[in-house]
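These notes are about the structure you will find just below.
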Amino acid sequence: MKKQSLNIVTWKEDKLFIAKFLEIELASQGKTQKEAIKNLKEALSLYLEEEDPSKLQIPSIKDVNTQTYTLN
């Protein structure tokens, strides 16, 4: 099976850190950034238990459109 890289973005909301994959709709949280990422990886493992990895349609990051919004 071909290796697939997934990109993670993290940010802080109130007292929790949020970690989210850019390529798939999967996110998690934790008290620290490290814990949020660990929880996200665990969530991915649980998600993949239900899926056939060879049938996953994960876009490459170059296929993902991003926009930056500036708040005044």
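The values are calculated or read from the model by the stated rules, or taken from the named source; none is laboratory data. Computed from a prediction, not measured in an experiment: that's the story for all the values here. Please note: Cβ atoms are built from the backbone with ideal geometry, for glycine as well, and neighbour counts cover all protein chains shown.
When only residues in the range 9-37 that are closer than 16 Å to Leu48 by Cβ and either surrounded by 12 or more Cβ atoms within 10 Å (Cβ to Cβ) or basic (Lys, Arg) (or both) count, which is nearest to the chain's Cα centre (by Cα)?
Top of the filtered list is Phe21.
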Worksheet item: From the list Val9, Val64, which one is among the β-branched types (Val, Ile, Thr) and modelled with pLDDT under 85?
Response: Val64
